[in-house]
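S.K.: Submitted below is the structure of interest, expressed as structure tokens.
Please treat every number below as a calculation from the coordinates, not as lab data. Given the structure is predicted, the values throughout are model-derived calculations rather than measurements. Here Cβ is always computed from backbone atoms with ideal geometry, including for glycine, and neighbour counts include all displayed protein chains.
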Amino acid sequence: MIRVLVVDDSLFMRTIITDMLRKDPEIEVVGVATNGEDGLMKINELKPDVVTLDIEMPKMDGIEVLKRKATMEHQPKTLMLSSLTSQGALMTKKAMAYGADDFMLKPKDLARTRGISQELITKVKNLVNIAYVSRKTDPSAEIANKIVLIGSSAGGPPMLDVLLSSFTTSLPAAIMITQHMPEGGFTAALAARLNRLSPMPVKETENGDVLSSGQVYVSMAGYHTVISSMISPSGVKGGRVIHSRAPPEHSVRPAADKTFSSAASAFGPLTVSTILSGMGSDGGEGTLAVKQHGGTTMVCRESDCLVYGMARSALKLNCVDSVLPLRSMAGEITRVVKSMGG
Amino acid sequence: MSEMDAYRALYIAESRENHETIVKNLLVLENGPDEAAIAEIFRSAHSLKGMSATMGFKHMERVCHAMEDVFQLIRSGQLEVHQDLVDLLLAASDDIELMLDDIESDGPGTLDHLEERVQALLDWKAGQNTTGGKNSGSPQPENIAGDFSTQNVGEALLEEEEGQYQMLIRLRDDCDSRNLRGMLLLQNLDQFGTIIQCIPERAIVEDGVFDGTIRLVIRSDAGIDALKTAASVSDVKEVLFGHDINLSAEKAATGSTGVIKPLTLPDIMGAGMDHSPGISKLVKEERVDKSREVKNIRVDITRLDQMMNLIEDLVINRGRLAQIARKFQIKELDETLNMVGRSVSDLQNLMMNIRMIPLSHIFNRFPRTVRDLAHKEEKEVEFTIEGGDTELDRSIMDGLNDPLLHLIRNGVDHGIEKPEIRMKSGKPGKGKLNLIASRDRDNVVIVIEDDGAGINREKVAKKAIERGLITELQAVEMTDEAVYDLLFLPGFSTAEKITDVSGRGVGLDVVRTAIDNLKGTIKVESSPGKGSRFELVLPPTMAIVNVIMVRINGRRCAIPVNNVVEVAGLSVSKIHHIGTQEAIMMRDEVIPLDRLDDMFGKSDQTEILVVLQHQNKKRTIAVDMIEGQQEVVIKPLSSMIGGCRGISGITIPGDGEVVPVLDVNAIVKES
């Protein structure tokens, strides 16, 4: 049984979060707190496994709770619930820096959005079940000559948790994640989160990044990450990240299509693409481009995904090599990458 | 109730609270900057926006978001609170209320003038940005605006036409494969746009027969950072854009590097985090004001009413059981019933307390009313509220809002004079209006006082004579108190012109009726030139009343203790006859005596006098005997019986007998 404490100053939010969590028999909401001070007291008192934490609260905000919690004896995992604004993004980034374990955007348009509770439940479970990696492989300074592309949207973050934490060793390729998120800092927070789970170092992309082997990148929201081929002064061929402000595609930015297509032309057959859960049709064209350049294409199987729009858009174009369960994706990616020449 | 319905109800309740907080604090802001108020508005708007997003009420979300943005600026000290801005924000909060009303009646919560309102708010945000309070000329990241868009400000300046850039790219002098580098960078740029013009031409670049400088015009939507990075391949010394080209070309000639350092996103974000005061404040802010905290759960009031009814039944049945125990002399049952009795009365007290809500619940709306009214009437009013935490039963609270509102409007409209008139009489231009609530033993006292002109006795008397309410002779003889009392007569209004405010053809009589219905009293005092004072005395709760049980002609009857001034023995000799009316003389006071023969039948054994008081009038009634004092639950008469003059309700004491409760107000008035 996972014991959860819900901290939020809004009764409305507390009710919704509690109701969502109660849908899972393995989760027990052991208490609620209405502000940070109350929250800290209840952490001490109830010793929950997981705390869901609001940021803007009277008396003591979520950031302060994280700071104070750091010195406490009982250390529950924390899941920040962030509001969907640039300000919220900034605070989320800060929260991750202060040791929050994960974050999630507060539910939007409850009546018409399905699966939010499932995502919350999965996140809470991941917090408890997925072990944090204490030792990291060193980021190799080596310029990557292969690339693994991951595209995901709604329902994607908890899957990324699972996928990245199941790599056992460093991969001899750069891994580029395109996760749809509002801009402002959420992707940086996501990178911080994944960095704690993955044996490989994870960072948010920066304009001009030279892709190195064994490094995971999370596309910065607000830009399209375009992979541009490059030749180093010493003559080694590789890829570079260029942040493009071109208008959103499929109304998202970053769009997986942009990253996938540009990576395919830069890396050719040494490209592996995967699609996880996601709404909409981004990723289909990109997967096709990877296929056309001789790369390997995969999508996750439907039963593991909250939403199957993105994967389906690729399947419709008949360009997918394999459909895999989430659990075996890391192994399969490793196998394919290692079998590639170059 | 489905899950969504339950959420909707919760949403409405909490949103109303947030809305109230916003309005309350906006009014605080009107009197000058107040950090706590700003922080609270920000948080309320933020919560409202978040909840609305969750519920999918898009219009609500947008209005609140725009408000939040404006307050973000105010909070970080970049926007000053201006009267026009407060007006706009208040208008926006009115919109919020409208939308909430709509949502509450199952509507979609949409707003007709949404775009207009949001735009007006955004204009404030934008307007302040360009005139720039604090940022002095130097281009700063846009995050000042609270919108952490990652767009480089420089981009806007350098873009000569929409999406068209002039670029100058210089390779390092020692670059040994100019053709390769040149080709690569042009290819990279191709990824991001269309190269319209290139000097030297591509073919020449590919041949490597150029001096290492490429000038080009490119059309692209990828932004300046992307283009700069795309062009910055190995061996590139510098990449310049737009009008910087000429300037830097000279610099380059003198050997200085003149490279625009690429402004990366972390730089921008980092800068924002370090320098924007709004953000650091957000974290540091400690909440000290405990009274602002809300610690309660919401229960539908009808459920509380149901519970109250059940408790009342329990009280009645316990009384019955007690009688049975006595009748059959079962000692054990009696003892147990005593215990039950204690629990029941604890439960009853608890229930009463639960039903109590602080007066601030209705008081909070008044500052807005006063403000709007004062603006309209061109008056200056300092409105203070005290004792908002005094609690009253919810059922009384419901009936109190309108009379209070009326009295407050009266205070601004008739009481407080215009500034120039006040100055002439040596008073400060700004009038004072105080609303004070306090607990006085079992009652709640609410006072509304102003330092205005006071009530003009002559005017009131004149009007009353005109209306034929009193004669001229009476007018001269009447005490001030009695004259002021005339104000409460139906149809009386002293306002010389009918304003759309308080003189709407309804006068203070409506107020008095409302207060009467709440079993309360109202009293007015006034001194000319100094102001008026209205005092309301209310029972804290209506449901349970302390009564005196009496018998008249052998029948039982309950009289609320509130209305009883005194109980005395009746010795026949003291009865005087004034015309057909009997009266008694009590401490130099003549009090009319009533015998309630028409209600209870003629009694021969009246031995005791009960002196009743309502408002300032006293009456006395004769009763056979007094059984005692007890707390009872008063139930209204069933609608089938309808109104019954002189009886305000019935109560059922322990023995199960149905006992009428005397309506003292009616009796005092009637006779």
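S.K.: With the cut-off at 1.5 for a/c, could you classify the stretch A:1-125 from its C-alpha gyration tensor as rounded, prolate or oblate? Before the final figure, lay out the partial values.
M.R.: On the way: a/c = 1.59, a/b = 1.15, b/c = 1.39.
Oblate shape, in that a/c is at least 1.5 and b/c is the bigger or equal ratio.
S.K.: Working from Cα positions, state the angle (0 to 90°, nearest 10) between the long axis of helix A:156-165 and the longest principal axis of chain A.
M.R.: 70 degrees
S.K.: What's the extension gain from B:M586 to B:E335 if we count 0.36 nm per residue and subtract their Cα-Cα distance? Present the calculation step by step, with values, prior to reporting the outcome.
M.R.: Numbers: separation 251, 0.36 × 251 = 90.36 nm, distance 4.50 nm.
Full-extension gain reported as 85.9 nm.
S.K.: Starting from the Cα gyration tensor of the stretch B:360-534, take the square roots of the eigenvalues, sort them a ≥ b ≥ c, and report rounded, prolate or oblate (rounded when a/c is under 1.5, otherwise prolate if a/b is larger than b/c, else oblate). Don't skip to the answer; put the middle values down first.
M.R.: Working: a/c = 1.70, a/b = 1.15, b/c = 1.47.
Since a/c reaches 1.5 but b/c is at least a/b, the shape of the stretch B:360-534 is classed as oblate.
S.K.: Let me ask something additional. What distance in nm separates the two pseudo spin-label positions at B:I641 and B:T513, each 7 Å out from Cα along the beta-carbon direction?
M.R.: 2.4 nm
S.K.: Distance in nm between label sites at A:Q292 and B:D101, each 7 Å beyond Cα in the beta-carbon direction?
M.R.: The answer from the label model is 5.8 nm.
S.K.: Select from A:A314, A:F267, A:V290 the residue farthest towards the positive end of the dipole of the stretch A:215-336; place +1 on Cβ of Lys and Arg, -1 on Cβ of Asp and Glu, and compute about the Cα centre.
M.R.: So the residue furthest toward the plus end is A:F267.
S.K.: Note the angle between two axes, namely the Cα long axis of helix A:326-339 and the longest principal axis of the Cα atoms of chain A, as a number of degrees from 0 to 90, rounded to the nearest 10.
M.R.: Long axis of A:326-339 versus the principal axis of chain A: about 30 degrees.
S.K.: Kindly identify the stretch B:301-358 as rounded, prolate or oblate by the Cα gyration tensor criterion: order the square roots of the eigenvalues as a ≥ b ≥ c, call it rounded if a/c is under 1.5, otherwise compare a/b with b/c, prolate if a/b is larger, else oblate. Each step should come with its number before you reach the end.
M.R.: Details: a/c = 4.73, a/b = 2.49, b/c = 1.90.
Cα axes put the stretch B:301-358 in the prolate bin.
S.K.: Turning to a different aspect of this structure: Mind checking which of B:V668, A:P325, A:T122 is farthest towards the positive end of the protein assembly as shown's charge dipole, using Cβ charges of +1 (Lys, Arg) and -1 (Asp, Glu) about the Cα centre?
M.R.: A:P325
S.K.: Another question, then. Between the stretch B:524-598 and the stretch A:199-274, what is the C-alpha centre distance in whole Å?
M.R.: So the two Cα centres are separated by 90 Å.
S.K.: What's the exposure ranking of A:Y217, A:Y132, going from fewest to most Cβ atoms within 10 Å? It would help to have the intermediate numbers written out before the result.
M.R.: Values: A:Y217 26, A:Y132 9.
Least to most surrounded, the residues fall as A:Y132, A:Y217.
S.K.: Three principal axis extents, largest first, for the C-alpha atoms of the stretch B:3-134, in Å?
M.R.: 48, 28, 20
S.K.: Provide B:D235, B:D123, A:D61 in ascending order of the number of other Cβ atoms located within 10 Å of each residue's Cβ, fewest first.
M.R.: The order, fewest Cβ neighbours first, is B:D123, B:D235, A:D61.
S.K.: Which order do the peptides B:658-665, A:156-163, B:626-633 take when ranked by the mean count of other beta-carbon atoms within 10 Å per residue, highest first?
M.R.: Values: B:658-665: 20.0, A:156-163: 24.2, B:626-633: 15.8.
So the peptides B:658-665, A:156-163, B:626-633, ranked by packing, come out A:156-163, B:658-665, B:626-633.
S.K.: About the Cα centre of the stretch A:147-339, what is the dipole size in debye to 20, counting +1 per Lys and Arg Cβ and -1 per Asp and Glu Cβ, all else neutral? It would help to have the intermediate numbers written out before the result.
M.R.: Numbers: 15 positive and 13 negative charges, 55 e Å.
The dipole magnitude comes to about 260 debye.
S.K.: What is the angle, in °, between the Cα long axis of helix A:256-267 and the longest principal axis of the Cα atoms in chain A? Nearest 10 is fine, range 0 to 90.
M.R.: 40 degrees
S.K.: Do the sum for the protein assembly as shown: with -39,500 (n - 2.57) for every DSSP H run of n ≥ 4, divided by all residues, what is the mean residue ellipticity at 222 nm, to the nearest 500 deg cm²/dmol? Write down the numbers at each step before the final one.
M.R.: Values: 35 runs with 426 residues, N = 1013.
Rounded to the nearest 500, the figure is -13000 deg cm²/dmol.
S.K.: Any chance you could run the full-extension gain for B:V209 through B:D398? It's 0.36 nm times the residue separation minus the Cα-Cα distance, nm to one decimal.
M.R.: 59.0 nm
S.K.: May I ask for the equivalent-ellipsoid semi-axes of the stretch A:147-339, computed as the square root of five times each C-alpha gyration tensor eigenvalue and listed largest first in whole Å? Mind dumping the intermediate values first?
M.R.: Details: eigenvalues 86, 67, 62 Å².
Rounded to whole Å, the semi-axes are 21, 18, 18.
S.K.: Taking the inverse of the average 1/r across all pairs of different Cα atoms in the stretch B:550-598, what Kirkwood radius in Å do you get? Before the final figure, lay out the partial values.
M.R.: Values: mean 1/r = 0.0797 Å⁻¹.
Hydrodynamic radius (Kirkwood, Cα pairs) of the stretch B:550-598 is 12.6 Å.
S.K.: Could I ask something else about it? Once phi is turned into ³J(HN,Hα) by the Karplus curve 6.51 cos²θ - 1.76 cosθ + 1.60 with θ = phi - 60°, what whole-Hz value does each residue of the stretch B:516-521 show in order, with x for glycine and proline?
M.R.: Along the stretch B:516-521, the couplings run 4, 4, 8, 6, x, 10 Hz.
S.K.: Next question, about the same structure. How big is the dipole moment of the protein assembly as shown about its Cα centre under a simple scheme where the beta carbon of each Lys and Arg is +1, that of each Asp and Glu is -1, and everything else is neutral? Debye, nearest 20, please.
M.R.: Details: 114 positive and 143 negative charges, 418 e Å.
It comes to approximately 2000 debye.
S.K.: Can you compute the modelled spin-label distance between B:K523 and B:E477, with each label point 7 Å from Cα toward Cβ, in nm?
M.R.: 2.4 nm
S.K.: Could you work out how much longer the chain between B:D112 and B:F328 gets when fully extended? Use 0.36 nm per residue separation minus the Cα distance between them, nm to one decimal. Each step should come with its number before you reach the end.
M.R.: On the way: separation 216, 0.36 × 216 = 77.76 nm, distance 7.27 nm.
Stretched fully, the B:D112-B:F328 segment lengthens by 70.5 nm.
S.K.: Return the average number of partner chain Cβ atoms within 10 angstrom of each residue Cβ along peptide A:13-25.
M.R.: Numbers: counts 7, 1, 6, 8, 0, 0, 3, 0, 0, 0, 0, 0, 0.
Averaged over the peptide's residues, the number is 2.
S.K.: Return B:K427, A:K125 ranked ascending by Cβ neighbour count within 10 Å, so the fewest neighbours appear first.
M.R.: Ordered from fewest to most neighbouring Cβ atoms within 10 Å, B:K427, A:K125 come out as A:K125, B:K427.
S.K.: What are the residues whose amide H is under 5 Å from the amide H of A:A154, where those residues sit 5 or more places off or on another chain and H is modelled from the backbone?
M.R.: A:M279
S.K.: In Å, what Kirkwood hydrodynamic radius results for chain A from the alpha-carbon pair distances?
M.R.: 20.3 Å
S.K.: Normalise the Cα radius of gyration of the protein assembly as shown by 2.2 N^0.38 Å (N = residues in it) and let me know the number.
M.R.: Working: Rg = 38.9 Å, N = 1013, 2.2 N^0.38 = 30.5 Å.
This ratio for the protein assembly as shown stands at 1.28.
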